[in-house]
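Below: the structure, in structure tokens.
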Amino acid sequence: MKNGIRMSDIAKELNVSVVTVSNALNDRGGVSDEMRRKIRERASQLGYRPSAPRTPRKPATNVLTESGSIGILTSERFAGVRGTFYWFLTAGVSKELTRCNLYSVYESVSVADEQSGTLPRIVTERQVRGLIIVGQLARTYLDRLAEMHIPILFLDFYDKHSDIDAVVSDNFYDSYLMTDRLVEKGHKKIGFIGTVTATSSIHDRCLGYVKCMMENNLPIDKAWVLDDRYPDGRVFNQFDFPLDNMPTAFVCNCDETAFRVIGELQRLGFRVPEDISVTGYDNYTVSDMCVPAITTIEVNLTEMARAAVALLVERLQNPTKPARRHVIPGKMIIKDSMTDAPSH
């Protein structure tokens, strides 16, 4: 998002007067509900930052009747182009905040700032009432944010901060069910691809895979559990496959990884799914772009965004309430990249 956005910029975008923009953003009369909504949505999209917190028109006990800004913070590792999983998730949070009469102010954290512990301006300058962190940041960086004593919510991850609310997909159970579906199809040699130290989500998905393998007394060969990304978050294009001892299926931690795994397997001469089945997680755009289309877990992004905003609003209303970790169940989507285990 752009910095230094002024009311005149918003007015020019929507072809209205600055007075109209000011009235809409400060909850004054003289603006239709539809135009007020458009102005607030565009202000959120442009990253408009009020110069100072606004005073409610009248006392209110419900935070939803007050206006204010909520920060959306993510690492630049996850700040991908339009159409990625985190792009959709961030957009969903912004839309839900707007629905709740709250502005969203977006800022991404550079790798250098994450490593050095340099906090974002929206936090250090107290520009926001609360903070939703989308995607995992380094533990030391999260420690520093926690020290700022601002209401925080973790979205799509959790960590040792048991006093901070979190909303996650049901990573462990969904991966367990996906692995079990492969077992039902006769697969006994199943691998997992994902760097488990990268995020809590990947780690939990790996543990779900492990639980299913253990319950079915199936071997987990270390050569079948592969990393999928560099420290900066970029996913590999080539993988360290054990070519002399290949499994008949791979459970991948996300669709992007599954997409690249399928491409590399095909380059090496394997047929997917006839020789090796491959599954993903997320069910975003790339899962249908792939040939074959990727069998995956659909994450309910709308419900994740809604739950995240609701929990943060509860925190703003009651700062001392016990923290919660809210789990959103996924849905298995059967496509073309998974079939019965080969008979040979």
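The values are calculated or read from the model by the stated rules, or taken from the named source; none is laboratory data. Predicted model only: the values in this text are computed from it and were never measured. Every residue, glycine among them, receives a Cβ derived from its backbone with ideal geometry; neighbour counts consider all protein chains shown. The protein model used for the area step is the full one, side chains on, heavy atoms only, and it has no ligands, DNA or RNA in it. Shrake-Rupley method; radii C 1.70, N 1.55, O 1.52, S 1.80 Å.
Just check the range 154-261 against the gyration tensor rule for me: Cα atoms, a ≥ b ≥ c as the square roots of the eigenvalues, rounded for a/c under 1.5, and otherwise prolate or oblate depending on whether a/b exceeds b/c. Before the final figure, lay out the partial values.
On the way: a/c = 2.24, a/b = 1.34, b/c = 1.66.
Because a/c hits 1.5 or more and a/b fails to exceed b/c, the range 154-261 counts as oblate.
Would you please report the Å³ per residue occupied by the convex hull of the alpha carbon atoms in the range 277-344?
Values: hull volume 6.4 nm³, N = 68.
Value for the range 277-344: 94 Å³ per residue.
Mind giving me the nanometre distance, one decimal, between the label points for residue 146 and residue 121, set 7 Å out from Cα along Cα→Cβ?
2.8
At 222 nm, what helix-only mean residue ellipticity would the chain give, in deg cm²/dmol to the nearest 500, using -39500 (n - 2.57) for each DSSP H run of four or more? Present the calculation step by step, with values, prior to reporting the outcome.
Details: 12 runs with 127 residues, N = 344.
Mean residue ellipticity at 222 nm (helix-derived): -11000 deg cm²/dmol.
Roughly speaking, what is the centre-to-centre gap between the range 267-282 and the range 91-168 when only Cα atoms are used, to the nearest Å?
Cα centres, the range 267-282 to the range 91-168: 37 Å.
Which whole-Hz ³J(HN,Hα) couplings does the range 259-272 yield from phi under the Karplus relation 6.51 cos²θ - 1.76 cosθ + 1.60, θ = phi - 60°, glycine and proline marked x?
4, 6, 4, 4, x, 6, 4, 5, 4, 7, x, 8, 9, 10
Skipping prolines and chain starts, which residues have an amide H placed within reach, meaning under 5 Å, of the one on residue 103, given they are 5 or more residues away or on another chain?
HN-HN under 5 Å from residue 103: 68, 69, 70.
For residue 267 and residue 34, what does the FRET efficiency come to when R0 = 56 Å and r is the distance between their Cβ atoms, rounded to the nearest 0.05? Display every interim value, and only then the final one.
Details: r = 52 Å, r/R0 = 0.93.
Working from the Cβ atoms, E equals 0.60.
Could you work out what % of the accessible surface of the range 161-225 is carbon and sulfur, using a 1.4 angstrom probe and leaving DNA, RNA and ligands out of the count? Could the numbers behind the result be given before it?
Details: 1490 of 2760 Å².
Within the range 161-225, the accessible surface is 54 percent carbon and sulfur.
Using a Cα-Cα cut-off of under 19 Å, which lysines could be cross-linked to residue 321, ignoring same-chain neighbours fewer than 8 residues away?
List returned: 160.
Send over a whole-number figure in Å² for the accessible area per residue of the chain, probe 1.4 Å. Could the numbers behind the result be given before it?
Working: 16400 Å² over 344 residues.
Solvent-accessible surface per residue comes out at 48 Å².
Hey, what did the chain get for relative contact order, percent, Cα under 8 Å, at least 6 apart? Write out the running numbers ahead of the final one.
Values: 652 pairs, mean separation 55.0, N = 344.
Across the chain, relative contact order equals 16 percent.
Return the percentage of antiparallel bridges among DSSP beta bridges fully within the chain, rounded to the nearest 5 %. All intermediate terms of the calculation are to be shown ahead of the outcome.
Details: 4 of 37 bridges.
In the chain, approximately 10 percent of DSSP beta bridges are antiparallel ones.
By how many nm would the segment from residue 214 to residue 15 grow when fully extended, if each residue of separation counts as 0.36 nm and the alpha-carbon distance is taken off? Walk me through the intermediate numbers first.
Details: separation 199, 0.36 × 199 = 71.64 nm, distance 6.25 nm.
Difference between extended and current length: 65.4 nm.
Skipping prolines and chain starts, which residues have an amide H placed within reach, meaning under 5 Å, of the one on residue 297, given they are 5 or more residues away or on another chain?
For residue 297, the qualifying residues are 280, 281, 282, 283, 333.
Can you work out ³J(HN,Hα) from phi for every residue in the range 195-205, in order, using Karplus 6.51 cos²θ - 1.76 cosθ + 1.60 and θ = phi - 60°, giving whole Hz and x for Gly and Pro?
7, 5, 7, 6, 8, 5, 5, 5, 4, 5, 5
Can you pull the Rg over Rh of the range 154-201, Cα-only, Kirkwood?
Working: Rg = 14.0 Å, Rh = 12.7 Å.
Expressed as Rg/Rh, it is 1.10.
For the range 228-344, what is the percent of antiparallel DSSP beta bridges, rounded to the nearest 5? Intermediate values should be presented prior to the final figure.
Working: 4 of 9 bridges.
That works out to approximately 45 percent antiparallel.
In whole percent, how big is the carbon plus sulfur part of the accessible area of the range 243-342, probe 1.4 Å, protein atoms only? Please report the intermediate quantities before stating the final value.
Values: 2110 of 4230 Å².
It is 50 percent, rounded to a whole number.
By how many nm would the segment from residue 177 to residue 334 lengthen if fully extended, with 0.36 nm per residue of separation less the alpha-carbon distance? Walk me through the intermediate numbers first.
Working: separation 157, 0.36 × 157 = 56.52 nm, distance 1.24 nm.
Going from the current span to full extension adds 55.3 nm.
Normalising by the residue count of the range 118-249, find the relative contact order in percent from Cα pairs under 8 Å and 6+ residues apart.
Working: 174 pairs, mean separation 26.2, N = 132.
Relative contact order comes out at 20 percent.
Could you give me the ³J(HN,Hα) list for the range 212-222, computed from phi with Karplus coefficients 6.51, -1.76, 1.60 and θ = phi - 60°, whole Hz, x at Gly and Pro?
5, 4, 5, 4, 9, 6, 9, x, 10, 7, 4
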